[in-house]
């Protein structure tokens with residue numbers, strides 16, 4: 001298939017710019033991936049669609065306030081987006097300035113902090129943050145939540161909590177695992193009371209998740225790498241769900257990528273590392289039976305992933321239905337359940 005096969009026309013008014021007042025207030029498009037049948041529901045109906053034998057797998061990554069503002073010693077303005085933290089003082093980042101920053105350039109940051117450009121590799125720069133404070137501490141003091149490029153407003157105080165899942169615990173993502181944003185503590189409690197079990201994986205979502213596919217031939221696309229971890233207790237939970245006849249339901253495409261990255265031997269195994277797994281139609285899923293996901297950008301790798309899971313024609317039909325029914329799209333938008 002070609003990149004252009006995954007294009008669709010989305011009215012700009014359907015791109016959600018802010019979250020709804022309540023996390024669980026979104027709509028839920030449900031699609032039977034075996035028949036293509038679509039029903040329109042509310043997210044709170046999800047509890048009725050899940051069996052007590054099922055296992056929900058969440059991504060527990062935590063979004064870091066990865067956007068920083070500063071200036072060069074020459075006075076030129078600089079915007080930094082941390083892509084990956086390497087250690088307490090070093091990171092790989094995107095650096096936007098009127099002129100590309102060269103090695104040894106010092107950048108004065110808000111709050112009196114400072115970093116130095118150590119070098120560059122393609123579009124990414126290696127930075128060293130000076131002083132006694134760790135990079136995570138500096139980000140907590142002066143960093144901004146890195147809202148996606150299609151959200152056209154500046155971040156505000158509410159994004160500190162709403163662009164973060166209620167179960168986030170492993171710091172390292174620069175974008176939220178958005179399917180998880182719909183769950184509040186009350187919903188988590190209802191699922192637990194029903195007897196539904198939960199497990200966690202970690203996949204630190206990188207800014208590459210928003211990068212467009214630039215080649216028409218998908219076999220030529222170079223997938224960005226993201227860190228993932230699947231613990232032995234998650235593997236055990238999956239095995240137990242299978243043994244009791246339940247489904248493994250991934251909450252978000254990032255949970256899917258983590259599970260499938262840990263299943264490349266043919267079965268799910270505990271492990272961690274970088275994944276550049278690119279899932280397109282024709283891929284044989286090994287660990288996931290159902291998926292909760294948001295609506296994804298045209299021609300994006302995530303749209304290709306859900307098309308691989310539920311069928312290309314069915315997904316494109318579902319997206320057309322969602323547009324006709326004025327669903328809210330992307331990170332702060334509505335959800336869809338593919339089962």
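Derivation of every value follows stated rules applied to the coordinates shown; laboratory data play no part. For clarity, every value in this text was computed on a predicted model and none was experimentally measured. So basically every Cβ, Gly included, is an ideal-geometry build from the backbone, and we count neighbours across all protein chains shown.
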Checklist outcome for this item: A correct fewest-to-most ranking of 301, 254, 35, 44 by other Cβ atoms within 10 Å would be 35, 44, 301, 254
Next on the checklist: If each residue of separation counts as 0.36 nm, what is the full-extension length gain between residue 317 and residue 153 once their alpha-carbon separation is subtracted?
Outcome noted: 56.0 nm
Next on the checklist: What number does the chain give for Rg over Rh if you use C-alpha atoms and the Kirkwood radius?
Outcome noted: 0.97
Next on the checklist: Of the candidates 264, 239, 325, which one comes out as most mobile in a Gaussian network treatment of the chain with C-alpha springs shorter than 10 Å?
Outcome noted: 325
Checklist outcome for this item: Mean-square fluctuation maximum in Gaussian network of the chain, Cα pairs under 10 Å, restricted to 200, 228, 69, hits 69
Checklist entry - Given 0.36 nm per residue, what is the gain on full extension from residue 225 to residue 161 after removing their alpha carbon distance, in nm? => result 20.4 nm
Item to check | Rounded FRET efficiency, nearest 0.05, which uses the C-beta distance separating residue 73 from residue 236 and R0 of 56 Å | outcome: 0.55
Next on the checklist: Taking R0 as 22 Å, what FRET efficiency do you get between residue 169 and residue 272 from their Cβ-Cβ distance, rounded to the nearest 0.05?
Outcome noted: 0.90
Item to check | the chain: most fluctuating residue of 327, 283, 163 per GNM, C-alpha cutoff 10 Å | outcome: 283
Next on the checklist: Taking the beta-carbon count within 10 Å as an exposure proxy, list 291, 31 from fewest neighbours to most.
Outcome noted: 31, 291
Checklist entry - Rounded, prolate or oblate: which fits segment 67-142 when a ≥ b ≥ c are the square roots of the eigenvalues of the alpha-carbon gyration tensor, with rounded for a/c under 1.5 and prolate only if a/b beats b/c? => result oblate
Next on the checklist: Starting from the 7 Å offset along Cα-to-Cβ, what nm value, one decimal, do you get for the label separation of residue 325 and residue 140?
Outcome noted: 4.3 nm
Next on the checklist: Compute the orientation-averaged projected area for segment 142-279 from the convex hull of its Cα atoms and round it to one decimal in nm².
Outcome noted: 10.5 nm²
Checklist outcome for this item: The simple spin-label model distance between residue 243 and residue 35, using points 7 Å out along Cα→Cβ, in nm, is 3.3 nm
Checklist entry - Nearest 0.05, what FRET efficiency do residue 47 and residue 21 give at R0 = 22 Å with Cβ-Cβ as r? => result 0.65
Checklist entry - What length, rounded to one decimal in nm, is gained on full extension from residue 5 through to residue 184, with 0.36 nm per residue of separation minus their alpha-carbon distance? => result 60.9 nm
